[in-house]
Amino acid sequence: MESIVRHVSILIFLLSLVQILVIFSLPYENSIFFIFPLVLGLVAVPISILGSVLLRLRKGAGIFISTISLGCLGICFITEGFLIIFTGPSVIIGGLYVLLGITSLRRIPTMNNPSFISWFGGAKEIGVSPVGEKEVVALCPHCSSILAVIPSLLAEADRCPECDGLLVV
């Protein structure tokens with residue numbers, strides 16, 4: 001769990017730095033609509049830095065502020081990406097901004113996971129549901145869903161109940 005905190009806090013800090021660079025490089029002369037991501041980005045950057053620091057220090061509000069900052073930065077990048085696609089110089093750069101925004105938003109469920117929240121709050125034992133005698137807890141290689149499997153009974157045709165991907169790769 002400590003590696004998740006390090007990863008997300010560094011990610012939030014780097015995303016805020018990228019947002020600062022994006023704010024200075026947007027083609028404001030092409031459209032007035034770039035003002036919305038400018039204002040949201042200027043608000044999100046200090047919140048993101050604060051959230052990154054609080055998350056790294058494992059303070060109580062760290063998860064909440066980090067979740068808000070990831071959401072704001074994700075919305076900023078997606079909005080900027082679509083605006084650049086439709087009004088800007090490059091569809092590729094706009095698409096990359098949209099992908100950056102989507103990957104920012106995909107980190108939010110990790111932050112709101114009950115196991116992560118209980119660990120972050122200082123719980124000694126992470127609440128994992130009990131598994132059977134021969135079962136082990138494993139992750140789906142495609143969607144990272146947590147599954148209880150019996151390794152000796154796994155076949156190459158077994159599929160994940162969430163994403164329908166093959167469990168044995």
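For (1) outside any helix (DSSP H, G or I); (2) without any contact (Cβ under 8 Å) to a residue 40 or more places away in the chain, each residue gets a yes or a no:
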{"site": "LEU96", "(1), (2)": "no, yes"}
{"site": "ILE117", "(1), (2)": "no, no"}
{"site": "PRO141", "(1), (2)": "yes, yes"}
{"site": "SER144", "(1), (2)": "yes, yes"}
Is it the case that some residue within segment 98-110 is part of a helix (DSSP H, G or I), at pLDDT 90 or above and farther than 30 Å from CYS160 by Cα? no
Look at ILE150 and say whether it is modelled with pLDDT of 80 or more, within 29 Å of ALA61 (Cβ to Cβ) and not small (Gly, Ala, Ser). no
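Table: residues versus (1) assigned to a helix (DSSP H, G or I); (2) buried (at least 22 other Cβ atoms within 10 Å of the Cβ).
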residue: VAL43; (1), (2): yes, no
residue: PRO46; (1), (2): yes, no
residue: ILE49; (1), (2): yes, no
residue: GLY60; (1), (2): no, no
residue: PHE64; (1), (2): yes, no
residue: THR67; (1), (2): yes, no
residue: LEU73; (1), (2): yes, yes
residue: CYS76; (1), (2): yes, yes
residue: PHE82; (1), (2): yes, no
State all residues of segment 14-41 that are of a type outside the set (A, V, I, L, M) and buried (at least 17 other Cβ atoms within 10 Å of the Cβ); if no residue qualifies, say none. SER16, GLN19, PHE34, PRO37, GLY41
Just to be sure I understand, how many residues within segment 84-110 are crowded, with 18+ Cβ neighbours inside 10 Å and among the small types (Gly, Ala, Ser)? 4
Flag if ARG6 is within 19 Å of THR110 (Cα to Cα), part of a loop (DSSP other than H, G, I, E, B) and either among the aromatic types (Phe, Trp, Tyr) or touching a residue at least 40 places away in the same chain (Cβ under 8 Å) (or both): no
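The values are calculated or read from the model by the stated rules, or taken from the named source; none is laboratory data. All values derive from a computational prediction rather than experimental measurement. Cβ sites come from the backbone with ideal geometry, for glycine too, and all protein chains shown count toward neighbours.
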